[in-house]
Amino acid sequence: AMAVVSSQDSNQHAKEAVAQSQPNGTAAEDKEINENETPDGPDAAMWQGWHVSTLYCIGVLLMFPFAILFLLLCFKSDPAAVDTFNGGEELPTLQWRLVQMSFLTCLFLDFISWLWTVDCEKSRLLYFVVIINGLPSVTYGLLAFGYAPILLDAHGRRLVLIRYVQWLFTTPSMLYLYSIVSYISSRELVTAMILETVVIITGLVASLLPFPAFLPFLAVSFGAFYAVMATLHRMLTRAICQVSPDDDRYRRALAGARLFMTLTWVAIPCVWVLACAHAIPPLLEETLYQFFDFATKAGLSCMILHSSIQTHSARQAADLRAALLDARQRTIDALRDAAVAKERFFAAVSHELRTPLNGIIGLADGLIAGS
């Protein structure tokens, strides 16, 4: 009975310790997670986690070839953008090939890491890594071999249409990968993914329209982008707040990831604005697009698969195990103290009762002998 009670007390102490170690906002969020869980057991949770993300990745990998095929059949390169652009400036074919090889190398390293990982939570993320590093490999390969159409936008710049198509498929997947570092509700995640799609589409429309017709679309694009960045910043800030104050190195790692994410994501629209204002030359614009496109995607895959940064569920499981061990040790110490107190009690009681009992026994023996 004491073993059963101590086991129940350990679990209760562990839950209380985890709740006390988290901020108020995190405890409320965990309560919301528990309320949203289905009563169908772990199979239902797996269906909501593993299978939904897997189906999403399979859908993206199936739709991307059709989108690329539609683009190649419906659009042809503009000779003004290829041959006579900026006084006969050549296309950066060599740069595109180098970027393609960089993405392929990163994808290969991620695959090797996936083969040797024992973390099931990180193992299933290979599908998203294939999307964020594999699709750009295809995109820059088509650009390097001259199959992708190059157009002129309304501002006299080269418009690499296939890059926008690639962003439509890769950036929502990147948002999902960022979401596993910290808790975020499904509604917030889906809203951020939709807003990111709005950012890309309205940005493309703003490139095709002249001044001042593109200004409303540009305003919508920047407004949606601000909402997406606010969601990303809130996710990583929430992850930092969930870390124990004693683990300062892990908090700094998450803070560095947040800074890297902010700089690389904000840089791309800044390049777009500078190029639209003709503040940077076309070759520098293309080089910056390639650099930040690779930095955002390769940096994210390295942060998730190769670094010590844990997913939200893995960190919760580690906190629960630590709390269980601590509560179990406290229960063992309490039982040991109770056993020592029991021994002291019986020793004191036996000492206090020995003298009067000996007197009573002596008087009884005398009465028996006298009778």
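Quickly run through region 155-178 and pick out the residues that are open to solvent by less than 10 Å² (accessible area, probe 1.4 Å), hydroxyl-bearing (Ser, Thr, Tyr) and at pLDDT below 90.
Ser173, Tyr178
Return yes when Ala314 is at pLDDT below 85, in a helix (DSSP H, G or I) and under 30 Å from Trp114 (Cβ atoms) and no when it is not.
Answer is yes for this residue.
For Ile131, state whether it is in contact with a Cys (Cβ under 7 Å, 6 or more places away or on another chain), surrounded by 18 or more Cβ atoms within 10 Å (Cβ to Cβ) and modelled with pLDDT under 90.
yes
Just to be sure, is Ser137 over 29 Å from His278 (Cα atoms) and either in a helix (DSSP H, G or I) or in contact with a Lys or Arg (Cβ under 6 Å, 6 or more places away or on another chain) (or both)?
Spelling it out, it is not the case that Ser137 is over 29 Å from His278 (Cα atoms) and either in a helix (DSSP H, G or I) or in contact with a Lys or Arg (Cβ under 6 Å, 6 or more places away or on another chain) (or both).
Matching residues to (1) in contact with a helix residue (DSSP H, G or I) (Cβ under 8 Å, 6 or more places away or on another chain); (2) modelled with pLDDT under 85:
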residue	(1), (2)
Ile33	no, yes
Glu37	yes, yes
Gln48	no, yes
Leu55	no, yes
Pro65	no, no
Ile68	yes, no
Gly87	no, yes
Arg97	yes, no
Met101	no, no
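Can you tell me which residue within region 145-154, out of those that are out of contact with any Asp or Glu (no Cβ under 9 Å at 6 or more places or on another chain) and open to solvent by 10 Å² or more (accessible area, probe 1.4 Å), is farthest from Val60 (Cα to Cα)?
Among residues in region 145-154 that are out of contact with any Asp or Glu (no Cβ under 9 Å at 6 or more places or on another chain) and open to solvent by 10 Å² or more (accessible area, probe 1.4 Å), the one farthest from Val60 (Cα to Cα) is Ala154.
Name the residue that is surrounded by the most Cβ atoms within 10 Å (Cβ to Cβ), counting only residues in region 208-246 that are in a loop (DSSP other than H, G, I, E, B) and not aromatic (Phe, Trp, Tyr).
Val243
Condition check ((1) modelled with pLDDT of 75 or more; (2) assigned to a helix (DSSP H, G or I); (3) of a type in the set (Val, Ile, Thr); (4) over 30 Å from Gly256 (Cβ atoms)) across all residues:
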| residue | (1), (2), (3), (4) |
| --- | --- |
| Leu283 | yes, yes, no, yes |
| Gln290 | yes, yes, no, no |
| Gln310 | no, no, no, no |
| Arg321 | no, yes, no, no |
| Ala338 | yes, yes, no, yes |
| Leu353 | no, yes, no, yes |
| Asp365 | yes, yes, no, yes |
| Ala369 | yes, yes, no, yes |
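Here's a check for you: in region 141-154, which residue that is farther than 17 Å from Gln100 by Cβ and touching a Phe, Trp or Tyr at 6+ places or on another chain (Cβ under 8 Å) is modelled with the lowest pLDDT?
Applying the filter and picking the extreme gives Ala154.
Which of the following residues is more than 16 Å from Gly299 (Cα to Cα) and either in a helix (DSSP H, G or I) or of a type in the set (Val, Ile, Thr) (or both): Tyr176, Tyr164?
Tyr164
Identify all residues within region 208-247 that are of a type outside the set (S, T, N, Q), modelled with pLDDT under 90 and within 20 Å of the chain's Cα centre (by Cα); write none if there are none.
Matches in region 208-247: Leu232, His233, Arg234, Met235, Leu236, Arg238, Ala239, Ile240, Cys241, Val243, Asp247.
The values are calculated or read from the model by the stated rules, or taken from the named source; none is laboratory data. Not measured: the values here are computed from a predicted model. Cβ atoms come from the backbone with ideal geometry, glycine included; neighbour counts cover every protein chain shown. Just so you know, the surface numbers come from the protein's heavy atoms only, side chains and all, with ligands and any DNA or RNA stripped out. Shrake-Rupley method; radii C 1.70, N 1.55, O 1.52, S 1.80 Å.
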